[in-house]
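For reference, the structure discussed in these notes is given below.
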Amino acid sequence: MTTYVLATNHVDTSAKLCDYLLDRVSGSDEVHAVNSLPGGSATDTDDVRDGEEALNVVSSRLDTITTVESHQFVRGNEPHEDVIEHAEEIDADEIVIGIRRRNPTAKVVFGSTAQQIMLHSNRPMAVVPLVDVE
């Protein structure tokens, strides 16, 4: 049995991460899909809806194969904190994250949730490209 934590923020991200997991999961595995929002004035109903839709993609794509649990956290944490904290709570075997190709300025200005997860977690992880590399 393998327990995966899948970090998602968009339906397209969810689809790519599910594509990665389709050939890896079996009926005895668990997938915990996590969406993290900051809350307060930084989160509106569209953000909540988009997060729920991203989580629904995971459920609809994988729940016929394995157990899927969805978690939308709105508790004032940074997304990487919620993902890592949840992975620790459930003793996840692997964290699955998506990455995009970004220019150096964007990385400095906006940060990278995937980068923060990689730097602050000791759990094994799979890093899935969200765009095709030429």
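The values are calculated or read from the model by the stated rules, or taken from the named source; none is laboratory data. Because the structure is predicted, anything quoted here is derived from the model rather than measured. As a convention, Cβ positions derive from the backbone with ideal geometry for all residues, glycine included, and neighbour counts pool all protein chains shown. Side chains included, ligands, DNA and RNA excluded: accessible areas come from the protein's heavy atoms. Shrake-Rupley method; radii C 1.70, N 1.55, O 1.52, S 1.80 Å.
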#### Entry: Spin-label model distance (nm) - His120 vs Glu78, 7 Å beyond Cα toward Cβ
0.4
### Query
So how far, in whole Å, is the C-alpha centre of region 65-91 from the one of region 1-42?
9
### Summary
Rounded to the nearest 500, the 222 nm mean residue ellipticity computed for the chain from DSSP H runs (n ≥ 4, each -39500 (n - 2.57)) alone is -12500 deg cm²/dmol
### Message
Please compute the Kirkwood hydrodynamic radius of region 1-65 from all pairs of different C-alpha atoms, in Å with one decimal.
### Response
12.3
### Task
Could you pull the Cα extents of the chain along its three principal axes, largest to smallest, in whole Å?
41, 36, 27
### Message
To the nearest 20 Debye, how big is the dipole of region 37-97 about its Cα centre, given +1 on the beta carbon of each Lys and Arg and -1 on that of each Asp and Glu?
### Response
220
### Query
Going from most exposed to least, what order do Tyr4, Tyr20 have by accessible area with a 1.4 Å probe?
Tyr20, Tyr4
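How big is the charge dipole of the chain about its Cα centre, in debye rounded to the nearest 20, if each Lys and Arg gets +1 on its Cβ and each Asp and Glu gets -1 on its Cβ? Please list the in-between numbers first.
Working: 10 positive and 24 negative charges, 102 e Å.
Rounded to the nearest 20 debye, it is 500 debye.
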